[in-house]
Amino acid sequence: MIEDLLPPGAYAVETFDDSDADEQLPQLESTLVAGAAPGRRREFTTARLTARRALARAGLPVVPIPTGEFGEPRWPPGVIGSITHCAGYRAAAVAPAGSVPVLGIDAEPDLPLPSGVLEAITRPAELARLRALDRAAPGRAPWGRLLFSAKESAYKAWFPLGRRRLDFVEADADIGADGSFRVMLRVRGPLLNGERVTGFTGRWATRGGLLLTAASAVVTAPRETHASPRRDHQDHQDHHDHQDPKIRQIRQIQQS
């Protein structure tokens, strides 16, 4: 299902249960969940097996996929990819580096967000757009949860470039009723091929009780003539000095 949201050059594999979770993982991966609860180990195992199947499907090196400092999957050189999992669903998407600019996927249950979460991850302008969507297409999707998923996909696309966590309020999401979305950065973005990344675009769908999102393109601006790394650091520090603690608690990166 999720591959339908990806551009040419990207490949995905998905599964709806953990029937293969008893398969032995490479030691590099198994040590990552050695002390985890059984459910977490099964989820992790299925997700990693799915990721390697996606690599094989794309004709890319099929190797163990360790975890980085922030919990992100560390793909082999020359590969970009993303993993997602929620109840009853695991998926991985990969592409040769250079075939698509970025790649981030997310899956969520097709249900409203828990009470209080939406207000903690959005800004007033986003809430206004969600209300407009609900008036234009009532009942088509739980728009708040979809916004959450779009930001998760954008975060996964961001991380290999920005190399730090991106808080929910550091991005502004605009969901299109036509199955598209755009997530614009509210912090200074990284450079990609000499251009400043200012946001991400992607597609979404509701299928089989799931909300699916995939971010696979960037919005860019020309590189500044006088870039200031010091300003980047100060902008980031200023944000964290005033960040709502609830937002930090809500952050649930689904990259395993």
- Note on the structure: residue 18 vs (1) of a type in the set (D, E, K, R); (2) in a loop (DSSP other than H, G, I, E, B); (3) open to solvent by 50 Å² or more (accessible area, probe 1.4 Å): all pass except (3)
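Each row is one residue, and each column tells you yes or no for (1) crowded, with 20+ Cβ neighbours inside 10 Å; (2) touching a Leu at 6+ places or on another chain (Cβ under 8 Å); (3) within 18 Å of residue 203 (Cα to Cα).
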site	(1), (2), (3)
84	yes, no, yes
95	yes, yes, yes
105	yes, yes, yes
124	no, no, no
129	no, no, yes
135	no, no, no
138	no, no, no
- Query: If you check every pair at least six apart or on different chains, which have Cβ atoms under 6 Å apart with a residue in the stretch 167-185 that is touching a residue at least 60 places away in the same chain (Cβ under 8 Å) first and a residue that is surrounded by 15 or more Cβ atoms within 10 Å (Cβ to Cβ) second?
  - Reply: 167/247; 168/121; 168/151; 168/247; 170/186; 170/187
- Does the stretch 162-180 hold any residues that are within 14 Å of the chain's Cα centre (by Cα) and either of a type in the set (Asp, Glu) or surrounded by fewer than 20 Cβ atoms within 10 Å (Cβ to Cβ) (or both), and which are they? 162, 163, 164, 165, 167
- For the stretch 187-212 the number of residues that are within 30 Å of residue 87 (Cα to Cα), in contact with a helix residue (DSSP H, G or I) (Cβ under 9 Å, 6 or more places away or on another chain) and not in a strand (DSSP E or B) is 0
- Message: Cβ-Cβ under 8 Å, sequence separation 6+ or interchain: first residue in the stretch 29-42 and free of Cβ contacts under 8 Å to residues at least 60 places away in the same chain and closer than 19 Å to residue 73 by Cα, partner loosely packed, with under 12 Cβ neighbours inside 10 Å and of a type in the set (S, T, N, Q). Which pairs?
- Response: 30/24
- Query: Among the residues of the stretch 32-39, is any more than 27 Å from residue 206 (Cα to Cα), open to solvent by 50 Å² or more (accessible area, probe 1.4 Å), modelled with pLDDT under 95 and touching a Pro at 6+ places or on another chain (Cβ under 9 Å)?
  - Reply: yes
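Across the stretch 47-56, what is the number of residues that are over 20 Å from residue 160 (Cβ atoms) and either among the small types (Gly, Ala, Ser) or surrounded by fewer than 19 Cβ atoms within 10 Å (Cβ to Cβ) (or both)?
We begin by selecting, within the stretch 47-56, every residue over 20 Å from residue 160 (Cβ atoms); these are 49, 53, 56.
Now drop any that are not either among the small types (Gly, Ala, Ser) or surrounded by fewer than 19 Cβ atoms within 10 Å (Cβ to Cβ) (or both), which leaves 56.
Residues that pass the stated criteria total 1.
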- Checked against (1) in a helix (DSSP H, G or I); (2) open to solvent by 40 Å² or more (accessible area, probe 1.4 Å), residue 44 satisfies every condition except (2)
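Working only within the stretch 60-75, note down all residues that are closer than 18 Å to residue 30 by Cβ and part of a loop (DSSP other than H, G, I, E, B). Spell out how you get there, then give the answer.
Step one: of the stretch 60-75, the residues closer than 18 Å to residue 30 by Cβ are 62-68, 71, 73-74.
Within the stretch 60-75, 62, 63, 64, 65, 66, 68, 71, 74 qualify.
Does the stretch 197-208 contain any residue that is farther than 22 Å from residue 8 by Cα, surrounded by fewer than 22 Cβ atoms within 10 Å (Cβ to Cβ) and basic (Lys, Arg)?
As a first pass, look at the stretch 197-208 and keep what is farther than 22 Å from residue 8 by Cα: 198, 208.
Subsequent filtering for residues that are surrounded by fewer than 22 Cβ atoms within 10 Å (Cβ to Cβ) retains 198, 208.
Still in the running and basic (Lys, Arg): none.
No.
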- Does the stretch 57-74 contain at least one residue that is at pLDDT 95 or above, open to solvent by 60 Å² or more (accessible area, probe 1.4 Å) and of a type in the set (A, V, I, L, M, F, W, C)? yes
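The values are calculated or read from the model by the stated rules, or taken from the named source; none is laboratory data. Because the structure is predicted, anything quoted here is derived from the model rather than measured. Using ideal geometry, Cβ is built from the backbone for each residue, glycine included, and neighbour counts are taken over all protein chains shown. In case anyone asks, the SASA skips ligands and DNA or RNA and just uses the protein heavy atoms, side chains included. Shrake-Rupley method; radii C 1.70, N 1.55, O 1.52, S 1.80 Å.
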